[in-house]
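The values are calculated or read from the model by the stated rules, or taken from the named source; none is laboratory data. Here the structure is a predicted model, which is why all the values come from computation and not from measurement. Quick reminder, even Gly has a Cβ in these numbers, built from the backbone with ideal geometry, and neighbours come from all protein chains shown.
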Amino acid sequence: MGERNGIVVAGSHSGSGKTVATMGFLSGLEKRGFPVRPFKSGPDFIDPRFHEWIADRSCINLDPYFLDPKGLAELYDRSTKGFAGGVVEGVMGFYDGLEKKTSTYDIALTLGLPVVLVIPSKGIAETIGALVRGFLAHRPGWIPLGILATQTGSDRHGDILARTLEREGLPPLIGTIPRNEKLTLPERHLGLVTRWELERDGTLQTFRSILDRCSDGWDWERLSGHFVSSLPASDSPGVRSNPVTGNIRLGVAWDDAFRFYYHENFSALEERGVDIVCFSPLKDPFLPADLDGLYFGGGYPEVFSRGLSENRSFLDSLAAFARTGKPIYAECGGMLYLTEGPMEETVRWSGLIPCRFRMKERLKRLGYVEATPSGGHFLSSGKGSIRGHLFHYSELVFSGGESTLPGEPAFFVPDEAEGFSLGNIVASYLHLYFPSNPSVLDSWLHALSVASRKRRSSGSVHRSL
């Protein structure tokens, strides 16, 4: 492709304000005639939803653990085709992940994109020069575009930072984001409170109005030099309601409780002719008709516990679907939904997995994993291992202790079994990235194809709810 268009937004550390900064760049570029593709580094499902709200198009995860440098560059090029470029939000601090080559620094080098370094500036002035110089000296090869200072106290504070950088011969100050409670996105145990909750109460609308006002003073001339003029491009494949085609129909849980999915998983399914049919366990009275399988992604089902339990007609339709023997795949929060529900409450969920779960105050597991499907279920005919990520605060609780673990292990990760294979259900805490091993996806596709052929041979007619 040659020289790429776009920028990487990197933070000095987690909590630096890079998500807010990224939203400012996405909104400001769009306003100035540069339709851009948003990206998020690493295995993040929450920040991308805020990107999508601002940009009104799908956000793509870029993760060097899941894809080699060539694959990562191809994904970026494919996803920005027809756009003015991309805005990539980094992960954690700029250099975090160097050992595994999963850092924002590694992504910036792979893509050859210039970097805007986001530095929280509360309580510092001329010291910003030492911080920036340290980032420049720590590793070579990256292209510093400028500094965006967050948590500034006043215009005068911003002027001091700008003069310091200029005097020290360092990358310039591109802009500031002042300290303002209304420019702070609230958090909960897995990260930011979801976009849909903040959109409903008006928080995001206020947030965007203030952000747009403060970003008007950013150095857009310097920034726009790294993008090309472009008409708005059509979005790449993702979650959408497709016309009925008679092909494989995969039901996907998609509402406020279930939103943690890798966009590229959907793209890979659609490239193989799968129709994605979205449904809401919170709001729909029944599952859509004529589905060949179900996919429950992660999310915050525990936050919507009572609403999920009160939708009894939907739970009844899910139980009926499970009895058909068609494949059901569930990840993390999706797996929790298939249990009997949270220990702390009297509500009852589907109970397809005979246990409950409890939320812990501390993180139970976090990190990348290499998982090998165990034998005997619909993902197991794939060759080799598949890569994924674990991030959860909950733990499963079985009435009879560990001796009553249901079914067989779904996967083996280093030193332990993970998840369950219960007949036609495969469920675990893993968030799998299917493009990291397409043969595992093809194994799932085979099971869906078998269900589809049976459905079509029975003469079933598609119906809407």
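Structural remarks
- Hey, Gly33 surrounded by 24 or more Cβ atoms within 10 Å (Cβ to Cβ) and over 22 Å from Thr110 (Cβ atoms) or not: no
- Filter result (surrounded by 20 or more Cβ atoms within 10 Å (Cβ to Cβ) and touching a residue at least 60 places away in the same chain (Cβ under 8 Å)) within the stretch 369-381: Val369, Ala371, Pro373, Phe378, Leu379
- If the condition is being in a loop (DSSP other than H, G, I, E, B), more than 18 Å from Gly28 (Cα to Cα) and among the charged types (D, E, K, R), then the stretch 53-94 contributes Asp63, Asp68, Lys81.
- Restricting the stretch 419-441 to residues that are over 13 Å from Phe296 (Cβ atoms) and aromatic (Phe, Trp, Tyr), the residue that is nearest to the chain's Cα centre (by Cα): Tyr433
- Subset of the stretch 95-123 [in a loop (DSSP other than H, G, I, E, B) and under 21 Å from Ser224 (Cα atoms)]: Gly112, Leu113
- Ser41 vs. criteria crowded, with 24+ Cβ neighbours inside 10 Å, in contact with an Asp or Glu (Cβ under 7 Å, 6 or more places away or on another chain) and of a type in the set (Ser, Thr, Tyr): yes
- The C-beta contact set for the stretch 315-335 (first residue in the same structural domain as Asp284 (by TED's automatic domain parsing) and within 19 Å of Asp442 (Cα to Cα), second residue buried (at least 19 other Cβ atoms within 10 Å of the Cβ) and of a type in the set (Phe, Trp, Tyr), distance under 6 angstrom, 6+ apart or interchain) comprises Pro327/Phe378; Tyr329/Tyr295; Ala330/Phe296.
- With respect to the conditions (1) under 13 Å from the mean Cα position of the chain (by Cα); (2) at pLDDT 95 or above; (3) part of a helix (DSSP H, G or I), Phe50 lacks only one, and its number is (2).
- Cross-chain or 6+ apart pairs with Cβ under 7 Å, the stretch 80-105 first and in the same structural domain as Ser14 (by TED's automatic domain parsing), then among the basic types (Lys, Arg) and part of a loop (DSSP other than H, G, I, E, B): Tyr95/Arg139; Tyr105/Arg139
- Lone qualifier among Gly202, Gly146 - being small (Gly, Ala, Ser) and at pLDDT below 95: Gly202
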